[in-house]
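Here the structure comes first, spelled out in structure tokens, and everything after it is commentary.
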Amino acid sequence: MATVGILVNPRSGSDVRRLLTSAGSSTIEDKVSILRRLIHGAAETGAEQVVLTRDPFSITRRATENLQLPLKVAFVDLPLHHDERDSVDAAQAMRDAGCGSVVSLGGDGTNRALALGWPDAPLIPVSTGTNNAFPVHVEPTVAGMAAGLIATGAVDLHAHSDRAKVVAVEVNGGDSGTATDTALVDAIAVDDPYVGSLELFDPETMMLGVLTRADPAAIGFSGLAGTVLPCTPEEDRGVVLEFTPPSQNPARLVRGALAPGWFATVGLARSEYLELGAPAQVAGPCLLAFDGERSRRLHLGQTASLRVVRHGPRVIDVGAVVLSAARTGEFDIRVGDLGT
């Protein structure tokens, strides 16, 4: 079957930053509407099956009720942990189900979790999160059309997608030996005591940042880095920033939007491009935050090596896919199909 997986993060666009900044919200009703449009688009371009997981807010159930479409809706039942493991498990299940393309509804963190579960997923990341440097803003109907065209093979995946860059993290030292992790957009070392904290990042605690992309039109660390050293997803390099607390008279001060509607002054001691595979080192004690989430503590005596490599999901260019389909007549109605 030509199968499209759709991964929905029910909590994307609803975290505490809406209380602390001017960030907008993505409601449950929004996600239901987006999901229905995605499915209609995929069915229109020949998808025979969509694979979904269940969620505590019944988004996938509500979006698929009373669908009058010629495709099968399959649910993969997985235990819910109510954290990033749900997206990791969902991605693995969609890979095992033979999905020819996957659409994610979420932000940078959602897509990072998806990449942990399926590193080279054929992916269309649709933005419903907060600081979205990785996902794209696209009409869900068109995203679904592109996903269907890739899943059916009507448009070639490799000709219309590129492997994304990631920050590959290797932690050494301590009792746990060597551990690895991944960030899609940025890995930031901070002098912060709380793993899992949802507070905004304090410029006084920032230590080091390694980024796969630096876009001055983005929000968050990617936007901040973009005002200093722009770096596109297509470039075979990343950016490393060494921070200094603004109170300590740094060599350079920059102003950036670290969250929607929230600006901060950040001190920089160093900013450089980082070639693919070249390491940037950071030593504990500190916290490592991946794509905005404080995730891993480095203890005294532990070090982390951060490298930008092109080992991420295969991101599908939605516009290029539908343009290619238009040029080859995929949207034409054959005379024999009239009335069907």
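Here are some notes:
- The single residue among 34, 28, 39 that is over 29 Å from residue 155 (Cα atoms), modelled with pLDDT of 90 or more and among the β-branched types (Val, Ile, Thr) turns out to be 28.
- Residues in the range 180-195 that are modelled with pLDDT of 90 or more and either hydrophobic (A, V, I, L, M, F, W, C) or in a loop (DSSP other than H, G, I, E, B) (or both): 8 in all.
- Enumeration of residues in the range 42-59 that are closer than 20 Å to residue 98 by Cβ, at pLDDT below 95 and either open to solvent by less than 40 Å² (accessible area, probe 1.4 Å) or not in a loop (DSSP other than H, G, I, E, B) (or both): 53
- Of the strands (runs of 3 or more DSSP E) contained entirely in the range 61-148, those carrying at least 1 residues that are hydrophobic (A, V, I, L, M, F, W, C), closer than 21 Å to residue 166 by Cα and at pLDDT 90 or above fall at 101-106, 122-127.
- Breaking point among (1) modelled with pLDDT under 95; (2) out of contact with any Asp or Glu (no Cβ under 9 Å at 6 or more places or on another chain); (3) buried (at least 19 other Cβ atoms within 10 Å of the Cβ), for residue 291: (2)
- Filter pass, residue 175 being in a strand (DSSP E or B) and either out of contact with any strand residue (DSSP E or B) (no Cβ under 7 Å at 6 or more places or on another chain) or of a type outside the set (S, T, N, Q) (or both): no
- Among the criteria (1) open to solvent by less than 30 Å² (accessible area, probe 1.4 Å); (2) within 28 Å of residue 142 (Cα to Cα); (3) in contact with a Leu (Cβ under 6 Å, 6 or more places away or on another chain), the one residue 240 does not fulfil is (2).
- Residues that are surrounded by 23 or more Cβ atoms within 10 Å (Cβ to Cβ), of a type in the set (Val, Ile, Thr) and under 17 Å from residue 309 (Cβ atoms) within the range 137-170 comprise 166, 167, listed in sequence order.
- Candidate set from the range 196-229 (those that are in a strand (DSSP E or B) and in contact with a helix residue (DSSP H, G or I) (Cβ under 7 Å, 6 or more places away or on another chain)); member that is nearest to residue 268 (Cα to Cα): 209
- In the range 250-264, residue nearest to residue 132 (Cα to Cα) [restricted to those that are open to solvent by 50 Å² or more (accessible area, probe 1.4 Å) and touching a strand residue (DSSP E or B) at 6+ places or on another chain (Cβ under 8 Å)]: 263
The values are calculated or read from the model by the stated rules, or taken from the named source; none is laboratory data. Bear in mind the structure is a predicted one, so any value in this text is a computation, not a measurement. Note: ideal-geometry Cβ built from the backbone for every residue, glycine included; neighbour counts use all protein chains shown. To get the accessible areas, we keep the full protein, side chains included, count just its heavy atoms, and leave off ligands, DNA and RNA. Shrake-Rupley method; radii C 1.70, N 1.55, O 1.52, S 1.80 Å.
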